[in-house]
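Undergrad: One structure follows; several queries about it will come next.
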Amino acid sequence: MTVSDIHATLDSLGITLPKVVPPVASYQPAVRSGNHVYVSGQLPMVEGELPKKGKVGADLDTDAAYDLARTCALNGLAAVASIADLNDVTKIVKVTGFVASAPGYNDQPKVINGASEVMGEIFQEAGKHARAAVGVSELPLDAPVEVELIVELKAEAKNHLV
Amino acid sequence: MTVSDIHATLDSLGITLPKVVPPVASYQPAVRSGNHVYVSGQLPMVEGELPKKGKVGADLDTDAAYDLARTCALNGLAAVASIADLNDVTKIVKVTGFVASAPGYNDQPKVINGASEVMGEIFQEAGKHARAAVGVSELPLDAPVEVELIVELKAEAKNHLV
Amino acid sequence: MTVSDIHATLDSLGITLPKVVPPVASYQPAVRSGNHVYVSGQLPMVEGELPKKGKVGADLDTDAAYDLARTCALNGLAAVASIADLNDVTKIVKVTGFVASAPGYNDQPKVINGASEVMGEIFQEAGKHARAAVGVSELPLDAPVEVELIVELKAEAKNHLV
């Protein structure tokens, strides 16, 4: 289930992991418990800024929100990489996606595919996860999307020094 | 904590597990990590269709939504059964229910009881779970309810071949 | 990572854990699976009553909601304490906070800090957790905040008799 070298895979996909997004409040970007990493809800921050704000279906469309969900997922992987080696990831277990939705907007799954598909590109079989996608009324900082992750590591994976 | 034969219990309750609902996007219906199964957010699909759409408290009432939550839970069990033997379930750990709610509708717990109570009927003591129920503005495909599960298996439980 | 005596710490902080809030429906306040405790979504109940109702940003402000989130977190710890010894807690793994939000209200992280910060006060390093905070349209009983927890115990932690 493991992928030989995730860093080479990221290079070949042209993906540069972002820096870890500092939490906007009193918590950690990611926490390990046993051989799981729980990643905090990630906003689609790019260099400290939200590239778009507002509600999907009103202020931005599904395609734009798909891109933001992909950004959230990569920010989440950066959070994982801050505490463990991505080569020790054995499974993307769960993706939960919250989509700030205009009234009557029901394409949350297409939005969160932006997170799911990049996990598949990077981790292949090990990237196939369980998922929930829901529409919410408001998100922090008026972000259109928020994504959280649960990731499985090899039991013997070492922690990075923090 | 285990129940002797869940398939006999299902029969005695008159419950036929549905076929696994194909994901509406890029993810798996259920994923195992260690001895836990994470079940994706389940919509109340019946043979590929949503029997009801809209917001609870406006387009349908609490009783109708209770039935939909029960359907979500059974779809979730079908997802578990697609990767493991239900006789290897030792605990329903967590139920999370999202209820698409009309403004001022606050009976989400009564709705999600539709999921909780069928777990108790089937798994008895092992069906007693932790739970969260929240109201959201919109759900995928205009579904009124979405339910996700975390289920514990015997450590030695075998995976079904997929 | 463990804290020497949590009960002494609670005393020194002037915190008296509340009684466990009975579930408003068919589930358990907290459930153990392996060495994790999953705590059900907690409302900010005080002696069986919600001290405030409504939407944050309309019916109450961020500071009032912060206090409610703290109450939710303490109710969650009471639920943990009902099934295990708090001295066996090795990590607060995950906090998920749902904030019933008025349209245009985006300070959910400041609200859920009420839960996060009290975890830090009590558990110090072991209280540093992953977190998601989202805004939702409606919560059970018109509560302004709901918080759920995942808590890690020592592997050898004993269960309380229930």
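What follows draws every value from the coordinates through simple rules; no lab data is involved. As the structure is a computational prediction, the values presented were derived from the model and not from experiment. Cβ sites come from the backbone with ideal geometry, for glycine too, and all protein chains shown count toward neighbours.
Undergrad: Treating cross-link reach as a plain straight distance, find the aspartates and glutamates whose alpha-carbon is under 18 Å from the alpha-carbon of residue A:128, omitting any fewer than eight places away in the same chain.
TA: Partners within reach: A:5, A:88, A:117, A:148, A:152, B:148.
Undergrad: Taking the alpha-carbon distance from residue B:53 and a cut-off under 20 Å, which lysines remain once sequence neighbours fewer than 8 residues away in the same chain are dropped?
TA: List returned: A:110, B:110.
Undergrad: Order by neighbour count: C:148, B:156, fewest other Cβ atoms within 10 Å first, most last.
TA: B:156, C:148
Undergrad: In terms of modelled amide H atoms, which long-range or inter-chain residues lie less than 5 Å from the amide H of residue B:128?
TA: So residue B:128 has HN proximity to B:92.
Undergrad: Follow-up. How far is residue C:47 from itself in the other copies, in nm, if each label sits 7 Å out from Cα along the Cα-Cβ line, shortest first?
TA: Sorted ascending, the copy-to-copy spacings read 5.6, 5.6 nm.
Undergrad: Separate question: Which residue is it, in chain C, whose C-beta lies closest to the C-to-A rotation axis, and what is that distance in whole Å?
TA: C:137, 3
Undergrad: Same structure again: Which residues' amide hydrogens lie under 5 Å from the amide hydrogen of residue A:41, considering only partners 5 or more residues apart or on another chain, with H built in the peptide plane?
TA: For residue A:41, whose amide H was placed from the backbone, the distant partners under 5 Å are C:131, C:132, C:133.
Undergrad: Turning to a different aspect of this structure: Which percent, nearest 5, of DSSP beta bridges in the protein assembly as shown are antiparallel?
TA: The answer is about 70 percent antiparallel.
Undergrad: Which ³J(HN,Hα) values in Hz, rounded to whole numbers, follow from the phi angles of region A:135-151 under the Karplus curve 6.51 cos²θ - 1.76 cosθ + 1.60, where θ = phi - 60° and Gly and Pro get x?
TA: x, 10, 7, 8, 10, x, 6, 6, 5, x, 8, 9, 10, 10, 9, 10, 10
Undergrad: Can you work out ³J(HN,Hα) from phi for every residue in region C:78-87, in order, using Karplus 6.51 cos²θ - 1.76 cosθ + 1.60 and θ = phi - 60°, giving whole Hz and x for Gly and Pro?
TA: 4, 5, 4, 5, 6, 10, 8, 7, 4, 5
Undergrad: When you take every Cα atom in the protein assembly as shown, what is the radius of gyration, and what is Dmax, the widest Cα pair distance, in Å?
TA: 20.6, 58
Undergrad: Separate question: If you take every DSSP beta bridge whose two residues both sit in chain B, what share of them, in percent to the nearest 5, is antiparallel?
TA: In chain B, approximately 70 percent of DSSP beta bridges are antiparallel ones.
Undergrad: Label-point separation (nm) for residue C:82 and residue C:59, each offset 7 Å from Cα along Cα-to-Cβ?
TA: Going from the residue C:82 label point to the residue C:59 one covers 2.4 nm.
Undergrad: Please list, in order along region A:17-32, the HN-Hα scalar couplings obtained from phi with the Karplus expression 6.51 cos²θ - 1.76 cosθ + 1.60 (θ = phi - 60°), rounded to whole Hz, x for Gly and Pro.
TA: Residue by residue, region A:17-32 yields 5, x, 5, 4, 6, x, x, 7, 6, 7, 7, 10, x, 7, 9, 9 Hz.
Undergrad: Starting from a Cα-only point model with no solvent, please compute log10 I(q)/I(0) by Debye for region C:6-153 at q = 0.11, 0.12, 0.15, 0.17 1/Å.
TA: These q points yield log10 I(q)/I(0) values of -0.36, -0.44, -0.69, -0.88.
Undergrad: Under a GNM of chain A (C-alpha, springs under 10 Å), which listed residue has the highest mean-square fluctuation: A:90, A:62, A:16?
TA: Among A:90, A:62, A:16, the largest GNM mean-square fluctuation belongs to A:16.
Undergrad: Over region C:6-153, what is the relative contact order in whole percent, taking alpha-carbon pairs under 8 Å and six or more residues apart?
TA: Over region C:6-153, the number comes to 35 percent.
Undergrad: Per the helix-only calculation at 222 nm, which mean residue ellipticity applies to chain C, given -39500 (n - 2.57) for every DSSP H run of n ≥ 4 and division by its residues, nearest 500 deg cm²/dmol?
TA: After summing the helix terms and dividing by the residues of chain C, the value is -8500 deg cm²/dmol.
Undergrad: Under the rule a/c < 1.5 gives rounded, and otherwise a/b versus b/c splits prolate from oblate, where does region C:1-59 land using the Cα gyration tensor?
TA: In terms of gyration-tensor shape, oblate.
Undergrad: To make sure I understand, if each residue's beta carbon is the centre and we count other beta carbons within 10 Å, what order do B:27, A:105 fall in, fewest to most?
TA: If I rank by nearby Cβ atoms, fewest first, I get A:105, B:27.
Undergrad: Moving on. I'd like the mean, over residues of B:89-100, of how many other protein chain beta carbons sit within 10 Å of each residue's own Cβ.
TA: Mean number of neighbouring Cβ atoms from other chains: 4.
Undergrad: Also: Running a GNM on chain A with Cα contacts under 10 Å, which residue among A:149, A:50, A:68 ends up with the highest mean-square fluctuation?
TA: Largest GNM mean-square fluctuation: A:50.
Undergrad: Separate question: Report the local net charge at residue A:150: Lys and Arg +1, Asp and Glu -1, summed over other residues whose C-beta lies under 13 Å from its C-beta.
TA: +4
Undergrad: Also, I was wondering about something else. Residue B:145's amide H: which non-local residues (gap 5+, or another chain) put their own amide H closer than 5 Å, with H modeled 1.01 Å from N in plane and none for Pro or chain starts?
TA: Result for residue B:145 returns B:100.
Undergrad: For region C:26-77, what does the alpha-carbon gyration tensor say about shape, rounded, prolate or oblate, given a ≥ b ≥ c as the root eigenvalues, a/c under 1.5 as rounded, and a/b over b/c as prolate?
TA: prolate
Undergrad: Going 7 Å from the Cα of residue C:125 in the Cα-to-Cβ direction, what parts of region C:72-98 have a backbone nitrogen less than 14 Å from that spot?
TA: Within reach of a label on residue C:125, which here means backbone N under 14 Å from a point 7 Å along Cα→Cβ, region C:72-98 contributes C:90-92.
Undergrad: Next up: Taking every pair of distinct Cα atoms and averaging 1/r, then inverting, what Kirkwood hydrodynamic radius in Å comes out for region C:40-125?
TA: 13.5
Undergrad: Something else now. By count of other Cβ within 10 Å, fewest leading, how are A:45, C:119 ordered?
TA: Least crowded to most crowded, the residues run A:45, C:119.
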